[in-house]
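The values are calculated or read from the model by the stated rules, or taken from the named source; none is laboratory data. Remember, it's a predicted structure, so these values are computed and weren't measured experimentally. A quick note on method: Cβ atoms are made from the backbone with ideal geometry, for glycine too, and the neighbour counts reach across all protein chains shown. The area values use the complete protein model at the heavy-atom level, side chains included, leaving out ligands, DNA and RNA. Shrake-Rupley method; radii C 1.70, N 1.55, O 1.52, S 1.80 Å.
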Amino acid sequence: MADREVADVMTTSSSSSSGSATNNPLSRKLNKILETRLDSDKEMLEALKSLSTFFTSNNIRTRRNLRSDIERRSLLINEEFVDCFKVAKEQLDSICEDVQAMNECCLDMTSRLKTAKDQTHDLISQTTQLQTESQKLQMRAQVTDVFLSKFQLKQEEVQILRGTRDGSLHPGFFKALARVKQIHTDCKVLLRTNQQTAGLEIMEAMALQQESAYERLYRWTQNECRMLSGDTPDINNQLCLALESLQDRPVLFRYSLDEFGTARRTAIVRSFIDALTRGGPGGTPRPIELHSHDPLRYSGDILAWLHQSAASEKEHIQALLKHCAATSADENIHDVLSHITDGVCRPLKVRLEQVVVSEPGPVLLYKLTNLLKFYHVTIGNILLSNSSLLNTIDEMQTLCLKMFFNTLNYNAGKLLEKVELPPGDLGTTSSLSNTLQLVQDILSSHDSSVIAIDARKQDFTQILNCVIDPLIQMCSVSASRLPTVDMATYMINCLYQIQNTLALYEYTDQRLEMLNAQIDAHVDTLVSEQASFILTRTGLSHAYGIVQQHQSAQGPLSSLHGMDAVSMKAAMSKFDSYLASPDSLTMTQCSLLLSAKQRETVKRRSSELIIAAYQLIFSAIMDVQNKYAESNGIVPRTPDQVIKLLS
Amino acid sequence: MAAGPYNYSYIFKYIIIGDMGVGKSCLLHQFTEKKFMADCPHTIGVEFGTRIIEVAGQKIKLQIWDTAGQERFRAVTRSYYRGAAGALMVYDITTFIVRSTYNHLSSWLTDARNLTNPNTVIFLIGNKSDLEAQRDVTYEEAKQFADENGLMFLECSAKTGENVEEAFLDTAKKIYQNIQDGSLDLNAAESGVQHKPTTPRNTLSNDQPQSKDGCAC
Ligand SMILES: Nc1nc2c(ncn2[C@@H]2O[C@H](COP(=O)(O)OP(=O)(O)OP(=O)(O)O)[C@@H](O)[C@H]2O)c(=O)[nH]1
Ligand SMILES: [Mg+2]
């Protein structure tokens with residue numbers, strides 16, 4: 001600094017000396033120095049300060065040497081400076097080297113990275129690709145899992161469906177079977193999508209599963225049903241479920257029911273025979289056949305037993321089919337019941353036939369018919385009418401009724417075959433009263449009958465036709481050889497007895513009317529016979545006949561033969577003695593009439609006839625044209641007096 | 001539907017007897033349907049009802065035969081006594097049955113005794129206990145009749161349902177007791193009682209080995 005100052009000073013003086021022509025260079029130099037403000041020129045101060053350190057003595061020699069001193073000092077400083085810089089430079093060089101090495105390293109790495117990058121690019125893209133693919137696959141795996149769980153059976157389900165060697169059924173069987181069915185149905189959805197192949201395959205697999213499962217279920221069911229041949233079948237819920245399932249296979253369902261029916265059929269036949277022949281163990285209750293001597297009780301017990309069994313069997317089959325659709329169940333219940341009860345028909349028929357052909361007599365046959373009719377209705381509430389048990393009962397009832405009418409007809413035939421002669425009192429024969437007693441027994445059994453009233457009417461008519469007609473015929477035949485009066489009396493008595501019997505029962509009105517008409521006819525006969533008997537006995541019958549036929553052309557009545565006043569007077573006196581005791585001329589037959597009312601009727605009506613006859617004769621005699629002298633003396637009594645006497 | 005109604009261990013057969021109009025059908029209806037039939041027609045022959053009850057934890061199915069009281073059915077209904085485990089003999093407390101027609105009740109009892117088993121439980125029921133105002137038979141005299149003849153006895157009303165349940169159940173309890181005593185032989189096919197095994201024979205429990213081979217059956 002000081003050097004530069006010095007140099008500066010020197011240049012300044014030189015330039016001022018050269019530069020300023022007008023001015024004195026010295027003065028300018030002086031001025032300049034004077035003008036110099038040393039205290040403000042720091043450089044100058046520093047330079048001076050520094051100079052003062054080594055320029056200690058101011059003398060000429062030192063002044064002459066100052067320049068070289070300063071230069072020497074400057075050189076020294078520069079050398080020092082160089083030395084210092086040399087170290088720095090060296091260090092910098094080393095740094096530079098390091099940096100260069102680093103650079104190289106970096107370049108190398110960069111290039112290596114570049115290579116690596118080039119090399120891994122494929123791998124990365126491949127990986128990415130694989131990743132995407134893997135994601136897709138995972139998704140598909142999930143879908144497949146779901147699909148499989150929906151469309152495929154689980155292993156254990158397959159096992160359950162396959163079952164065990166001993167043929168028993170796993171409790172989960174029906175659930176598994178339901179799943180197979182569900183899958184099979186769901187496959188139809190698949191078929192509508194583009195998954196048709198899968199759909200078809202699964203469907204086929206499920207169909208196979210189903211078939212074998214149903215087959216197995218059927219075997220099991222069949223086996224179970226076969227074992228239900230005890231008195232009380234144990235119908236467990238599994239079996240009910242089995243039948244519910246089997247509804248989907250109508251043939252197997254049907255076969256299973258048949259198996260059940262057959263087992264129950266066997267059971268009921270066995271119990272029936274046991275009940276008939278052995279009764280309970282120890283004989284309580286006692287065997288039904290113990291009462292076979294009492295046909296009605298025997299048959300009643302048999303039929304009641306069957307009724308109760310049929311009701312129980314119906315309960316069993318209803319229990320068995322409780323899960324099944326109502327329509328199929330109803331129909332099948334009847335079919336199966338029909339089948340179950342079919343077995344007892346044979347033993348039932350044999351026994352009832354035995355009863356019927358053992359000739360228990362018409363009354364019992366009739367009661368039996370009614371009993372069978374009753375059970376036809378009662379059991380008909382349980383079974384359908386086309387079942388063989390009902391048919392058998394119906395058949396037996398028909399047989400019974402036929403036998404009944406046969407017996408009646410046979411009795412009737414016997415009546416006509418050996419007709420009894422009327423007894424002396426013209427009363428009823430024993431065959432008549434026996435037959436009437438029979439009719440009474442038959443008709444009264446209706447009172448205790450269990451048959452609805454309207455069903456009786458038809459029977460009644462037929463029974464009456466069957467018995468009463470031949471009975472009346474028998475009476476007629478029996479009476480045929482009798483004289484008229486005896487015949488009329490006898491017939492009236494017979495008909496009266498019949499009427500009396502029938503009057504006790506309903507639905508006999510028509511018959512009674514008919515009998516009345518017949519009786520009336522005979523009563524008419526009897527009345528006219530009685531009247532003519534009286535007229536004959538009183539000797540008036542001749543006169544009455546003539547008076548009745550007399551015509552004025554014949555001349556006066558008194559002139560006719562036997563009509564003269566004397567004869568008439570004699571007859572009238574006889575008649576008068578009759579009037580005194582009218583009963584003396586009652587025919588014995590009339591008093592043999594069983595009915596007092598009829599006796600009265602005959603008496604009254606014959607008296608009326610007598611009165612009418614008397615009236616006719618009376619008026620004829622009183623008639624002046626008939627020329628009776630003293631007519632009042634011939635007929636002393638007026639008709640009114642006669643009426644009074646005879647009533 | 002649960003297996004319920006059909007799972008039972010015993011079946012008891014009952015018969016209901018008594019004069020016409022005493023309310024036999026109404027009692028049965030009240031017991032099975034828990035309802036009163038105000039105008040019930042005369043029973044024709046016999047009718048049938050069932051209900052499952054429980055006695056000592058055992059399910060028992062009652063099979064009840066309601067008979068016609070009309071005289072004309074007497075011959076028919078007699079055939080139904082056979083093999084009954086219980087006989088309910090019903091009279092009407094508003095009619096003079098025990099006193100004036102004492103023989104009537106006795107004749108029902110004679111039938112019941114002659115036509116059933118010696119250990120058939122006979123239960124005397126005085127029905128229509130709701131008609132207290134018209135009562136003609138006192139509780140005491142009926143009770144005496146029952147005691148003299150060794151019958152169980154209750155007064156009931158098919159109308160209000162009072163004691164109806166009890167009569168049917170007490171009969172069942174007595175029958176069940178007879179079974180426990182051994183006085184009733186269960187093997188009797190017609191003892192009026194039938195026993196059913198409760199455990200299903202053919203159900204497989206889960207722990208049994210499953211067949212490994214492919215044979216489906
Ligand atoms: N107030 C009252 N009336 C009753 C009661 N039980 C039955 N009845 C009436 O009595 C009448 C006859 O009853 P049913 O049950 O038909 O008599 P039943 O014994 O079955 O008669 P049959 O079938 O002919 O033997 C009916 O009109 C019932 O309303 C009762 O507890 N109280
Ligand atoms: Mg009734």
Self-check item: Segment A:Asp93-A:Asp623, extension gain: residue separation times 0.36 nm, minus the distance between their alpha carbons
Solution: 169.9 nm
Exercise. Provide Rg and Dmax in Å for segment A:232-400, with only Cα atoms included in the calculation.
Key: 17.4, 56
Quiz item: Just how large is the dipole of segment B:21-159 about the Cα centre, in debye to the nearest 20, putting +1 at every Lys and Arg Cβ and -1 at every Asp and Glu Cβ?
Solution: 500
Quiz item: For segment A:155-219, what value does the Rg/Rh ratio take when both radii are computed over Cα atoms and Rh is the Kirkwood radius, given to two decimals?
Solution: 1.05
Quiz item: If the chain between A:Gln548 and A:Thr327 were fully stretched, how many nm would it gain, using 0.36 nm times the residue separation less the Cα-Cα distance?
Solution: 70.7 nm
Self-check item: Around B:Gly18: net Lys/Arg minus Asp/Glu count, Cβ-Cβ under 9 Å
Solution: -1
Practice problem: Can you tell me the FRET efficiency between A:Ala521 and A:Lys349 if r is taken as the Cβ-Cβ distance and R0 is 35 Å, rounded to the nearest 0.05? | Solution: 0.10
Practice problem: Compute for chains A and B the buried accessible surface, both sides summed, probe 1.4 Å, and express it in Å² to the nearest 100. | Solution: 4300
Practice problem: With an 8 Å cut-off on Cα pairs and a minimum separation of 6 or more residues, tell me the relative contact order of segment A:77-189 in percent. | Solution: 17
Self-check item: A:Gln135 versus A:Val357: modelled label distance in nm, points set 7 Å from Cα along the beta carbon direction
Solution: 9.7
Quiz item: Translational D (Stokes-Einstein, µm²/s) of segment A:527-646 at 20 °C and 1.002 mPa s when Rh comes from the Kirkwood sum over C-alpha pairs?
Solution: 145
Self-check item: Between segment A:576-609 and segment A:105-143, the Cα center-to-center distance that results, in Å
Solution: 149
Practice problem: Could you tell me which of A:Ser619, A:Leu540, A:Met587 has its Cα farthest along the dipole of segment A:527-646 towards the positive end, charges placed at Cβ (Lys, Arg +1; Asp, Glu -1), taken about the Cα centre? | Solution: A:Met587
Quiz item: Between exposed GluC sites (Glu not before Pro) in chain A, where DSSP calls loop and at most 14 other Cβ atoms lie within 10 Å, what's the longest gap?
Solution: A:1-505
Exercise. Please name which of A:Thr144, A:Ile95, A:Met109 has its Cα lying farthest along the dipole of segment A:23-151 towards the positive end, using unit charges on Cβ (Lys, Arg +1; Asp, Glu -1) and the Cα centre as origin.
Key: A:Ile95
Self-check item: Rounded percent of accessible protein surface that carbon and sulfur make up, the protein assembly as shown, 1.4 Å probe
Solution: 53
Practice problem: Mind checking the per residue accessible area of chain A for me, 1.4 Å probe, whole number of Å²? | Solution: 55
Practice problem: Would you compute, from DSSP H runs of 4+ residues alone, the mean residue ellipticity of the protein assembly as shown at 222 nm, taking -39500 (n - 2.57) per run and dividing by the full residue count, rounded to the nearest 500? | Solution: -21500 deg cm²/dmol
Practice problem: Could you estimate the translational diffusion coefficient of segment B:10-195 from the Stokes-Einstein equation, with Rh from the Kirkwood formula over C-alpha pairs, at 4 °C and 1.567 mPa s, in whole µm²/s? | Solution: 80
Quiz item: Suppose R0 equals 51 Å; then what is the FRET efficiency for A:Asn103 and A:Thr144 from their Cβ-Cβ distance, rounded to the nearest 0.05?
Solution: 0.30
Exercise. Calculate the all-directions average of the projected area of the protein assembly as shown's alpha-carbon convex hull, and give it in nm².
Key: 105.0
Quiz prompt | Relative contact order, percent, chain A [alpha-carbon distance under 8 Å, six or more residues apart] | solution = 7
Exercise. Would you work out the relative contact order for segment A:265-354, in percent, from Cα pairs under 8 angstrom that are 6 or more residues apart?
Key: 35
Quiz item: With +1 on each Lys and Arg Cβ and -1 on each Asp and Glu Cβ, how big is the dipole of segment A:538-647 about its Cα centre, in debye rounded to the nearest 20?
Solution: 320
Exercise. Work out the length of the dipole vector of chain A about its Cα centre, built from +1 on the beta-carbon of each Lys and Arg and -1 on the beta-carbon of each Asp and Glu, and round it to the nearest 20 debye.
Key: 720
Quiz item: Lys/Arg Cβ at +1, Asp/Glu Cβ at -1, dipole of the protein assembly as shown taken about the Cα centre: which of A:Phe54, A:Val355, A:Pro287 is farthest positive-ward?
Solution: A:Phe54
Quiz item: Along the Cα-to-Cβ line of A:Arg286, 7 Å from the Cα, sits a label point; which residues in segment B:104-129 have backbone N less than 17 Å from it?
Solution: B:110-120
Practice problem: Evaluate peptide A:268-279: per residue, the Cβ atoms of other protein chains within 10 Å of its Cβ; return the mean as an integer. | Solution: 1
